[in-house]
């Protein structure tokens, strides 16, 4: 198994978390169809992940390696959740 560089790992993490955000939003819509407010928890998770993802995108675009490392560490739990799905 080869290790990815930060330049490879961060875009992959951003893509996987973005996909997971979409899944959370879809589940929220489905739960809302079942009962009012049913998807609020999923929507909250999607919003928190969206903020973390957007910070990671900004760090990647800035080229600041320290910011990219911090952003990846912040995305790691969301990435693990996305990969567990």
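The values are calculated or read from the model by the stated rules, or taken from the named source; none is laboratory data. Remember, it's a predicted structure, so these values are computed and weren't measured experimentally. Note: ideal-geometry Cβ built from the backbone for every residue, glycine included; neighbour counts use all protein chains shown.
Scanning the stretch 30-39 for residues that are closer than 22 Å to residue 82 by Cα and loosely packed, with under 13 Cβ neighbours inside 10 Å gives a single hit, 30.
Residue 59: without any contact (Cβ under 8 Å) to a residue 12 or more places away in the chain, in a helix (DSSP H, G or I) and surrounded by 15 or more Cβ atoms within 10 Å (Cβ to Cβ), yes or no? So residue 59 does not fit the description; no.
How many residues are under 16 Å from residue 83 (Cα atoms) and in contact with a helix residue (DSSP H, G or I) (Cβ under 8 Å, 6 or more places away or on another chain) when one looks only at the stretch 1-22? Of the residues in that region, 11 qualify. Somewhere in the stretch 44-58, is a residue more than 15 Å from the chain's Cα centre (by Cα) and farther than 14 Å from residue 81 by Cβ? Checked against the condition, which is being more than 15 Å from the chain's Cα centre (by Cα) and farther than 14 Å from residue 81 by Cβ, the stretch 44-58 yields no hits at all. Mind checking which residues of the stretch 1-27 are under 15 Å from the mean Cα position of the chain (by Cα), within 17 Å of residue 64 (Cβ to Cβ) and in contact (Cβ under 8 Å) with a residue 60 or more places away in the chain? Selection gives 9, 10, 13, 14. The single condition among (1) part of a helix (DSSP H, G or I); (2) out of contact with any helix residue (DSSP H, G or I) (no Cβ under 6 Å at 6 or more places or on another chain); (3) modelled with pLDDT under 95 that residue 54 does not meet is (3).
Can you tell me which residues in the stretch 63-76 are assigned to a helix (DSSP H, G or I) and surrounded by 12 or more Cβ atoms within 10 Å (Cβ to Cβ)?
Just the residues of the stretch 63-76 that are assigned to a helix (DSSP H, G or I), to begin with: 65-76.
Correct list: 67, 68, 69, 70, 71, 72, 74, 75, 76.
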